[in-house]
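Here's the structure we're looking at; comments come further down.
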Amino acid sequence: MTKVKINGNGSLLVPDCVTIPFITGDGVGVEITPAMRRVVDEAVRKCYGGKWRIDWLEVLAGQKAYDMSGVYLPEATMAAFREYHIGIKGPLTTPVGGGIRSLNVALRQDLDLYVCQRPVRWFRGIASPVLRPDWVNMVIFRENTEDIYAGIEWEAGSAEAHKFFNFLQQEMGVDKIRFPETSSFGVKPVSKEGSERLIVAACRYALEHGLPSVTLVHKGNIMKFTEGGFKRWGYEVAQKEFAQEISSGRLVINDCIADAFLQNALLRPKDYSVVATLNLNGDYISDMLAAQVGGIGIAPGANINYHTGNAIFEATHGTAPDIAGKNKANPCSIILSAVMMLEYLGWNEAAGCVVNAIETIFDRKMATVDLARFMENGMALGTKEFADELVRIIDGVSV
Ligand code: ATP
């Protein structure tokens with residue numbers, strides 16, 4: 001058996017040799033994805049001595065898929081993710097041209113990967129714009145399928161915008177639109193089910209990892225029914241599902257208005273542990289927090305559906321065309337995403353082994369140029385040489 005099996009309760013049955021579909025990705029993906037595979041293979045070999053291993057299966061998406069098959073996201077790729085449940089991907093070009101969806105959004109929506117999970121932590125040695133980056137240690141749970149990302153909007157001046165305005169004015173009695181003729185309109189769907197499943201996942205994660213709190217971040221003071229609904233449904237579902245954990249103090253649920261959260265996360269980040277938030281807030285928050293600990297080159301991410309077990313781990317940055325092909329890209333984002341994947345599989349020893357190697361390499365002041373240039377006496381390594389060094393470190397570790 002090489003396929004992960006998903007039990008009825010969403011738990012995983014992982015075979016000794018597990019097939020993992022992967023998308024190399026465009027731009028720097030060609031450099032960072034092979035680097036990630038080498039490091040992961042070495043950690044798995046070191047920890048399990050050949051008893052457990054990953055069988056990598058390349059699936060196509062992005063420019064490479066287009067060049068070979070004329071489509072950016074072939075059905076065979078989606079089928080592989082559905083069949084094997086767990087995959088990993090490099091960054092993908094968003095195709096230019098009307099009507100083509102972002103491939104990242106398409107993957108998330110088609111597989112209903114409703115949690116976008118982004119852990120943010122600092123590694124010693126990494127330069128930061130804040131005084132105490134070591135105080136930043138959070139896991140963001142960003143809702144991944146709703147909010148204004150649903151893509152329901154109409155451009156100013158279009159027949160649809162006009163029709164929508166007429167409906168608002170005539171049927172709904174809306175008289176607050178200041179410049180109706182030149183207004184574009186967008187719709188922000190936020191549902192009880194969508195909010196609840198995200199918040200339940202965040203609470204479970206906090207409990208499973210012994211983390212102290214879940215903070216609901218929202219702008220419910222202004223958007224009372226959408227963002228305010230998220231907060232209200234969040235408190236209600238947490239109380240319903242985790243009453244005992246809350247009353248015993250094992251789990252603390254609180255909330256924070258999004259603008260205050262952005263300030264607090266800079267001033268006293270220690271106050272926050274697991275953060276559950278809506279799609280757009282989550283986008284802003286994860287980039288701001290990533291900037292505090294070293295930037296997008298080092299920020300991992302995962303898109304998960306805890307009911308089907310489907311999960312795609314990914315580099316969170318783009319294709320970085322300005323440095324593509326130059327052996328300069330930092331592979332840490334996708335390597336740390338692979339760490340999340342190993343943890344998701346329950347292969348915690350291999351995950352820990354990779355994290356140790358990254359801590360060691362930064363302690364030795366070695367990094368790719370994006371990080372090394374800000375380190376005192378930092379030594380800049382190419383993408384490949386950085387991965388070589390990680391492999392050497394892992395090989396030298398006694399397990
Ligand atoms: P895309 O159009 O695919 O979003 P982009 O260049 O607009 O690409 P990013 O790829 O996210 O957006 O890059 C933003 C900046 O961060 C660029 O200067 C890029 O070189 C840098 N960058 C992104 N990823 C990495 C990485 N892995 N290592 C080093 N620098 C990176």
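The values are calculated or read from the model by the stated rules, or taken from the named source; none is laboratory data. Nothing here was measured: the structure is a model prediction, and the numbers come from that model. FYI the Cβ positions are ideal-geometry reconstructions off the backbone, even for glycines, and counts take in every protein chain you see. Each accessible area value is taken on the protein alone, full model and side chains, heavy atoms only, with ligands, DNA and RNA left out. Shrake-Rupley method; radii C 1.70, N 1.55, O 1.52, S 1.80 Å.
Taking the stretch 99-126 as the search range and keeping residues that are more than 17 Å from the chain's Cα centre (by Cα) and open to solvent by less than 10 Å² (accessible area, probe 1.4 Å), which one is nearest to the ligand (Cβ to nearest atom)? Full working, then the answer.
Taking the stretch 99-126 first, the residues more than 17 Å from the chain's Cα centre (by Cα) are 99-101, 123-126.
In the following step, the residues that additionally are open to solvent by less than 10 Å² (accessible area, probe 1.4 Å) were identified as 123, 126.
Numbers: F123: 15, I126: 13 Å.
In this case the residue turns out to be I126.
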query = In this structure, is E160 assigned to a helix (DSSP H, G or I) and surrounded by fewer than 11 Cβ atoms within 10 Å (Cβ to Cβ)?
reply = no
inquiry  = Condition (residue is more than 30 Å from G352 (Cβ to Cβ) and either in contact (Cβ under 8 Å) with a residue 40 or more places away in the chain or part of a helix (DSSP H, G or I) (or both)) applied to the stretch 35-43: is it met by at least one residue?
reply    = no
query = So, in the stretch 70-98, of the ones that are buried (at least 20 other Cβ atoms within 10 Å of the Cβ) and of a type in the set (F, W, Y), which residue ends up modelled with the highest pLDDT?
reply = F81
message = For the stretch 62-69, check the following and say yes or no: at least one residue is open to solvent by 40 Å² or more (accessible area, probe 1.4 Å) and within 20 Å of N356 (Cα to Cα).
response = no
request  = Could you tell me which residue of the stretch 179-210 is most open to solvent (accessible area, probe 1.4 Å), considering only residues that are under 14 Å from I148 (Cα atoms) and assigned to a loop (DSSP other than H, G, I, E, B)?
outcome  = S184
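So in the stretch 1-49, with the set limited to residues that are hydroxyl-bearing (S, T, Y), in contact with an Asp or Glu (Cβ under 7 Å, 6 or more places away or on another chain) and modelled with pLDDT of 90 or more, which one is nearest to the ligand (Cβ to nearest atom)? Can you show your working first?
Filtering the stretch 1-49 for residues hydroxyl-bearing (S, T, Y) gives 2, 11, 19, 24, 33, 48.
Checking which are in contact with an Asp or Glu (Cβ under 7 Å, 6 or more places away or on another chain) leaves us with 2, 19, 24.
This time we only want the ones that are modelled with pLDDT of 90 or more, so: 19, 24.
Values: T19: 26, T24: 14 Å.
Within the stretch 1-49, the match that is nearest to the ligand (Cβ to nearest atom) is T24.
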key: Residue list for the stretch 131-167, filter: free of Cβ contacts under 8 Å to residues at least 12 places away in the same chain and more than 30 Å from T215 (Cβ to Cβ)   = S158, A159, E160, H162, K163, N166, F167
remark   = Here the residues within the stretch 163-178 that are part of a helix (DSSP H, G or I) and under 17 Å from F225 (Cβ atoms) are L168
Near pairs, Cβ below 6 angstrom, 6+ apart or cross-chain, from the stretch 319-342 (more than 20 Å from A380 (Cβ to Cβ) and of a type outside the set (K, R)) to any residue that is in a helix (DSSP H, G or I) and near the ligand (Cβ under 7 Å from one of its atoms) = none
note = From the option list D287, D255, D259, single residue qualifying as open to solvent by 40 Å² or more (accessible area, probe 1.4 Å), assigned to a helix (DSSP H, G or I) and modelled with pLDDT of 95 or more is D259
query = Of the conditions (1) open to solvent by less than 10 Å² (accessible area, probe 1.4 Å); (2) away from the ligand (no atom under 16 Å from the Cβ), Y272 fails just one. Which one is it?
reply = (1)
note = Selection from the stretch 63-79 of residues of a type in the set (A, V, I, L, M) and within 12 Å of L107 (Cα to Cα) yields L73, M78, A79
ask   = What helices (runs of 4 or more DSSP H), lying completely within the stretch 296-381, carry at least 2 residues that are within 15 Å of the ligand (Cβ to nearest atom) and under 20 Å from Y205 (Cβ atoms)?
value = 332-345
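Report, by residue number, each residue of the stretch 319-336 that is out of contact with any helix residue (DSSP H, G or I) (no Cβ under 8 Å at 6 or more places or on another chain) and either closer than 21 Å to L103 by Cβ or open to solvent by less than 10 Å² (accessible area, probe 1.4 Å) (or both).
Within the stretch 319-336, the subset out of contact with any helix residue (DSSP H, G or I) (no Cβ under 8 Å at 6 or more places or on another chain) is 320-323, 326.
Scanning the stretch 319-336 gives A320, P321, D322, I323.
Which of the following residues is at pLDDT below 95, open to solvent by less than 60 Å² (accessible area, probe 1.4 Å) and under 23 Å from V44 (Cβ atoms): A351, A315?
Just one listed residue meets the conditions, A315.
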inquiry  = Checking the condition within 19 Å of the chain's Cα centre (by Cα) and over 30 Å from W122 (Cα atoms), which residue from G220, G194, G229 passes?
reply    = G194
query = Is the stretch 211-228 home to any residue that is open to solvent by 10 Å² or more (accessible area, probe 1.4 Å) and in a helix (DSSP H, G or I)?
reply = yes
query = Can you tell me which residues in the stretch 46-61 are open to solvent by less than 40 Å² (accessible area, probe 1.4 Å) and part of a helix (DSSP H, G or I)?
reply = C47, Y48
